Amino acid sequence: MPTSLTRNFSIIAHIDHGKTTLSDRLMEFTQTITERESSAQLLDAMDLEREKGITIKSHPVAMTYKAKDGQTYKLNLLDTPGHVDFSYEVARSLAACEGAILMVDAAQGVEAQTVANLHLAHAQNLVILPVLNKIDLPAADVEKCRRQLEDILAIPAEDAIPASAKQGIGIEEILEAVVQRVPAPVENPDKLLRASVFDSIYDTYRGVVSYVRVFSGSVKKGQRVKLFATNKTYEVKEVGVFTPKMTAREKLVAGDVGYVIANMKSADEAKIGDTLTDSTHPCPEPLPGYKEIQPMVFSGIYPVESSDYEALKTAMGKLQINDAAFTFMSESSTALGFGFRCGFLGLLHMEIIQERLRREFNMDVISTYPSVIYQVTLTDGSELIVDNPTFFPEAQTIQEIREPIVNVYIMVPGEYIGDMMQLVLEKRGEVTNTETIDDMRVMLSCVLPLSEILVDFNDKLKSMTRGYGSMDYEHAGYRAAKMVKMDMLIAGDPVEAFSTIVHRDKAESYGRMLAGKLKDVIPQHLFVVAIQAAVGGKIVARESISAMRKNVTAKCYGGDITRKRKLLEKQKEGKKKMKMFGKVNIPQDAFIKVLKSG
Ligand code: GTP
């Protein structure tokens, strides 16, 4: 089939606007799958994905469509992950396409995520096909949505296709629009192999399966190929397409989307965004846009039982084989023992990894408060990257600290705009633009430090707006900020597991909050235990735990001896799980309680 009959596209949408349902309908219409198969929602394969209702891994599908012009087209639909943590993957998947369907729920209208997604698609110069879905719902307001497309997204309203993925309305119109409006791939005239790796999965039996879009030349079994980022060469074992199951083919040619298997042992060999070329006739330079994936959020993960350390290490190794974006390094902490410093793309990615450790490997783990990466310039001119309070340099050696910032789009009902502005201010952010979306809703564009939206921003937004608010964000570089290291001193000794990097203006309130929590979880001692939050030797908050008055068993004297023994046993049991810090015993679960809730 000539390249002129190939169309590569993806669907971008806000969560729940119907992306998976539409993909199913397109596959049914083109008889790629039967109706019965689609009800299993083939695209969302991982359990966790289905539970969280989000798509994490991209799964492309090749379809054949006989259009009204009588021609038979090869349509490749690339599914994209629906979460900002994976925005680099989304960008790479979009870069493998010439067009994107922008799906909007006609009963909900444009959402924060729609805007963020559209920015990504525009950055790749894609042709946008707007689809207004769920027109079967009584609340659907197609005309209002058309106005929103024009006003907010600057998309011509007459381009929008009304549809109901659920009832199968508008499906043929969508396919026709893909064929007519999305441009065919254009091949570089030198015809040297250029294939972009936009995703990869790890298969226990076959090793790494790289998902590729061929931009020029062709790739087939037995060919020697090279990857630019690692400069490693491989022999291709198999190539094929997704129908949607992996199906081997003779070769992949320019314009094709498919997979390549080439003896790679771990996911980080097939780096997302890398270019695959022929090793004897390589293209002169890689395709544009490759970036090394950098973790954005770090946290310590420790086994609850220290004897599980090796098992945890093995489990993490296995996770990393199929998730190159997850990083881990051994570290130890006086409080938590031996564990790992882990890097994640974002909070959702962190949650997924922790959840997989629990579910797939049965690991019981504690994770420390998440931290972002800070760029530090020292007074001697050298540069430092800090993601762990333990390695925070001495205050007098610091010239400047920069923290990661994000552009956040927040969509809220108009009545909450004041509350939202207040929240953004509290989180050290600024509102750069407000726009009225319709008679109900307003969109705020803001700039905020990433560290401030890490933990409870989304929860606060949801509870403040009774669930009606939505948000999305994109990374926006680094900005100078007055960050300091805050230590918690317990009876005068710093306990490093509770050290954090905070903004100077927030040290006091954060210190007070942490000291209050510690007061609740540290047991009484025979002496008064002081809990202090300190920044560079200066105490910013303080609590104290009063001294214990009596021996626990005192009240049992002369009483029932078995009860006394039981109490002592219990005390002994408790001691086992305590750790000594200077003169103070801190129970293991105090760390869990304090670190968990942040
Ligand atoms: P994520 O994977 O979370 O991004 O969601 P999605 O965009 O893939 O949405 P999905 O297809 O899972 O649809 C979300 C919900 O909307 C489901 O309950 C669908 O049945 C429903 N839905 C999808 N399309 C339509 C439609 O045209 N009309 C109606 N009434 N409901 C629809």
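The values are calculated or read from the model by the stated rules, or taken from the named source; none is laboratory data. Remember, predicted model here, so these are calculated numbers, not experimental data. Neighbour counts run over all protein chains shown; Cβ positions are idealised from the backbone, glycine included.
What are the residues in region 15-43 that are more than 9 Å from the ligand (Cβ to nearest atom), at pLDDT 90 or above and among the basic types (Lys, Arg), if any?
Selection gives nothing.
Which of the residues that make up region 315-349 are over 28 Å from Met488 (Cβ atoms) and without any contact (Cβ under 8 Å) to a residue 24 or more places away in the chain?
Gly317
Any chance region 418-426 includes a residue that's buried (at least 17 other Cβ atoms within 10 Å of the Cβ), of a type in the set (Asp, Glu) and under 23 Å from Val594 (Cα atoms)?
Scanning region 418-426, I find no residue that is buried (at least 17 other Cβ atoms within 10 Å of the Cβ), of a type in the set (Asp, Glu) and under 23 Å from Val594 (Cα atoms), so the answer is no.
If Tyr65 passes every condition in (1) at pLDDT 95 or above; (2) within 16 Å of the ligand (Cβ to nearest atom) but one, which one does it miss?
Unmet condition: (2).
Being among the polar types (S, T, N, Q) and either buried (at least 17 other Cβ atoms within 10 Å of the Cβ) or under 18 Å from Ala100 (Cβ atoms) (or both) is the filter here, so list the residues in region 123-179 that pass it.
Gln124, Asn125, Asn133, Gln148, Ser164
Taking Leu75 as meeting all but one of (1) more than 10 Å from the ligand (Cβ to nearest atom); (2) in contact with a Gly (Cβ under 8 Å, 6 or more places away or on another chain), write down the number of the exception.
Unmet condition: (2).
Considering every residue within region 477-491, establish whether at least one is β-branched (Val, Ile, Thr), under 22 Å from the mean Cα position of the chain (by Cα) and over 16 Å from Ile417 (Cα atoms).
Scanning region 477-491 turns up no residue that is β-branched (Val, Ile, Thr), under 22 Å from the mean Cα position of the chain (by Cα) and over 16 Å from Ile417 (Cα atoms).
In this structure, is Thr247 free of Cβ contacts under 8 Å to residues at least 40 places away in the same chain and either buried (at least 20 other Cβ atoms within 10 Å of the Cβ) or more than 30 Å from Ser371 (Cα to Cα) (or both)?
It is true that Thr247 is free of Cβ contacts under 8 Å to residues at least 40 places away in the same chain and either buried (at least 20 other Cβ atoms within 10 Å of the Cβ) or more than 30 Å from Ser371 (Cα to Cα) (or both).
For Tyr473, only one of the following conditions fails: (1) of a type outside the set (Asp, Glu); (2) over 20 Å from His14 (Cβ atoms); (3) modelled with pLDDT under 90. What is its number?
Unmet for Tyr473, out of (1) of a type outside the set (Asp, Glu); (2) over 20 Å from His14 (Cβ atoms); (3) modelled with pLDDT under 90: (2).
So Met350 passes all but one of these: (1) touching a helix residue (DSSP H, G or I) at 6+ places or on another chain (Cβ under 9 Å); (2) at pLDDT below 95; (3) surrounded by fewer than 20 Cβ atoms within 10 Å (Cβ to Cβ); (4) closer than 27 Å to Ala497 by Cα. Which condition number does it fail?
(3)
Being closer than 13 Å to Thr230 by Cβ, at pLDDT below 85 and surrounded by 22 or more Cβ atoms within 10 Å (Cβ to Cβ) narrows it down to one residue among Ala267, Ala262; which is it?
Ala267
Quick one: how many residues across region 305-335 are within 21 Å of Ala497 (Cα to Cα), modelled with pLDDT under 85 and in contact with a helix residue (DSSP H, G or I) (Cβ under 7 Å, 6 or more places away or on another chain)?
Number satisfying all stated conditions: 3.
Looking at (1) surrounded by fewer than 22 Cβ atoms within 10 Å (Cβ to Cβ); (2) assigned to a strand (DSSP E or B), which is the only condition Ile301 fails?
Here Ile301 meets the rest and fails (1).
Could you go through region 197-207 and let me know if any residue there is surrounded by fewer than 15 Cβ atoms within 10 Å (Cβ to Cβ) and within 16 Å of the ligand (Cβ to nearest atom).
There is no residue in region 197-207 that is surrounded by fewer than 15 Cβ atoms within 10 Å (Cβ to Cβ) and within 16 Å of the ligand (Cβ to nearest atom).
Any residue that is under 19 Å from His14 (Cβ atoms) and within 24 Å of the chain's Cα centre (by Cα) - is there at least one of those in region 395-406?
Yes, that holds for at least one residue.
Taking only pairs six or more apart or across chains, which ones have beta-carbon atoms under 9 Å, a first residue in region 158-183 that is under 21 Å from Asn125 (Cβ atoms), and a second residue that is of a type outside the set (Gly, Ala, Ser) and part of a loop (DSSP other than H, G, I, E, B)?
Val179/Lys68; Val179/Asp69; Val179/Gln71; Gln180/Asp69; Val182/Cys97; Val182/Glu98; Val182/Leu126; Pro183/Glu98
Would you check if there is a residue in region 509-530 being assigned to a strand (DSSP E or B) and more than 22 Å from Gly300 (Cα to Cα)?
Checking region 509-530: at least one residue is assigned to a strand (DSSP E or B) and more than 22 Å from Gly300 (Cα to Cα).
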